[in-house]
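The values are calculated or read from the model by the stated rules, or taken from the named source; none is laboratory data. This one's a predicted model, so the numbers in the text were calculated from it and none came from an experiment. Neighbour counts run over all protein chains shown; Cβ positions are idealised from the backbone, glycine included. Ligands, DNA and RNA are excluded from the accessible area calculation, which covers all protein heavy atoms including side chains. Shrake-Rupley method; radii C 1.70, N 1.55, O 1.52, S 1.80 Å.
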Amino acid sequence: MPPPPNSPRAFRVVAFILRPPLLAMTKRDWRGVEHMPRDRGVIVASNHMTNIDPLTFAHFLWDNGFTPKILAKASLFKVPVLGKVLLATGQIPVHRNTAAAGESLQSAIAAIDDGACVAVFPEGTLTRDPELWPMVGKTGVARLALTTRAPVIPVAQWGPQNLLGRYKKLLKPIPPKKVSVVAGPPVDLDDLYDRPQDNATLREATERVMAAITALLEDLRAEQAPTVRYDMRKPNAPRDAGAGGDAAPRPEVP
């Protein structure tokens, strides 16, 4: 498969190395790429369950003609070898809670203005939801979307957690695992563009993105997500408030 147009040489080298084992370890169910525009910058937002799903996310985008610039924790750029690879392939470090925090947003804005595909995990970290549903998102994706007015494409992944469990270090490549990645239509944020970017607006935009991702994941899993999204700030909050009774039991996640 030819590399996406104008892809950096370093990214082509990394793809040449990583793509064959990913092909061997997975059975891919990829859908919805027709929703992704190719004539402008785009934001692609995915759920985040395990340390290997950034690779399956990037694999999905690369094989469908996009060279992603992934927003990743700045600490990863300090890891020997990995940090150099991230920089060489044009990934964007996220400096949380520091004076340099704004640099991440500006770098992502510049990339979108150049027509890039900027990939984000709105939760900012692996979900803490006990059943791996998307939790409350951080507002970075909203700031980026409302500032650039670039389309936000929601993406749901299911299956990478069977290849590498959350917080696990041992891959389970045999037998190959089914990995489903589906992209949906752009999230409708049109009515928010001209509002002040205050907390209420940012939270509304963020929740729309998370709701779109969750709806796609519900279809993939053939299950209903809890009616109350898991919030790391409120880990003991009821999960099914407002459901009108006890929620139906859901199968245990592998």
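Exposure here means at most 15 other Cβ atoms within 10 Å; with chymotrypsin sites (Phe, Trp or Tyr not before Pro) in a DSSP loop as sites, the longest stretch of the chain lacking them is 1-166. Considering only ARG96, ARG28, ARG203, the Gaussian network model of the chain with Cα springs below 10 Å gives its largest mean-square fluctuation to ARG96. Candidate cross-link partners of LYS27 among the lysines, defined by an alpha-carbon separation under 28 Å and a same-chain spacing of 8 or more, comprise LYS69, LYS168, LYS169, LYS172, LYS177, LYS178. Working note: Karplus 6.51/-1.76/1.60 with θ = phi - 60° gives the range 214-230 the couplings 5, 4, 5, 5, 4, 5, 5, 8, 6, 9, 9, 6, x, 6, 10, 6, 4 Hz, where Gly and Pro are set to x. For the chain, a Gaussian network of Cα nodes joined below 10 Å ranks THR50, THR214, THR201 by mean-square fluctuation, and the top entry is THR201.
Using a 1.4 Å probe and counting only protein heavy atoms, arrange HIS95, HIS48 so the residue with the most accessible area comes first.
So the residues, ranked largest to smallest area, are HIS95, HIS48.
Counting protein heavy atoms only, the chain has 56 percent of its accessible area on carbon and sulfur, 1.4 angstrom probe. Once you sort the root eigenvalues of the Cα gyration tensor of the range 13-52 as a ≥ b ≥ c, which label holds: rounded (a/c under 1.5), prolate (a/b larger than b/c) or oblate (the other case)? Cα axes put the range 13-52 in the prolate bin. Rounded if a/c is under 1.5, else prolate if a/b is larger than b/c, else oblate: which is the range 133-235, with a ≥ b ≥ c the root eigenvalues of its Cα gyration tensor? In terms of gyration-tensor shape, prolate. Considering helices alone, the calculated mean residue ellipticity of the chain at 222 nm is -10500 deg cm²/dmol, with DSSP H runs of length four and up weighted by -39500 (n - 2.57) and normalised per residue.
Centroid-to-centroid, using Cα positions, the range 116-158 and the range 202-219 are 8 Å apart. Length gained on full extension, LYS169 to ASP194: 4.5 nm, using 0.36 nm per residue less the C-alpha separation. Here the label points at HIS95 and GLN224, each 7 Å from Cα along the C-beta direction, are separated by 4.6 nm in the simple model.
Sequentially through the range 134-151, phi angles give Karplus couplings (6.51, -1.76, 1.60; θ = phi - 60°) of x, 9, 4, x, 8, 8, x, 5, 5, 4, 5, 5, 6, 6, 8, 6, 6, x Hz, Gly and Pro residues having no value and appearing as x. Shape of the range 60-133 from its Cα gyration tensor (a ≥ b ≥ c, root eigenvalues): rounded if a/c is under 1.5, otherwise prolate when a/b > b/c, or oblate? Rounded, since a/c falls under 1.5.
Please build a GNM for the chain, connecting alpha carbons under 10 Å apart, and tell me which residue among ARG239, ARG149, ARG229 fluctuates the most. Result for the chain, Cα springs under 10 Å: ARG239 fluctuates most.
Using the heavy atoms of the protein chains and a 1.4 angstrom probe, tell me the accessible area per residue for the range 72-134 in square angstrom.
Accessible surface, normalised per residue, equals 49 Å².
Annotation: amide H of LYS73 within the under-5 Å range of VAL94, sequence separation 5 or more or interchain, hydrogens built in the peptide plane. Note that the range 113-123 has calculated 3J(HN,Hα) couplings of 4, 7, x, 7, 9, 9, 9, 9, 10, x, 6 Hz, one per residue in order, obtained from phi through the Karplus relation 6.51 cos²θ - 1.76 cosθ + 1.60 (θ = phi - 60°); glycine and proline are x.
Note: relative contact order over the chain, using C-alpha pairs below 8 Å and six or more positions apart, is 25 percent.
Residues whose amide H falls under 5 Å from that of ASP29, counting only those 5 or more places apart or on a different chain, are VAL179, SER180, VAL181, with hydrogens built in the peptide plane.
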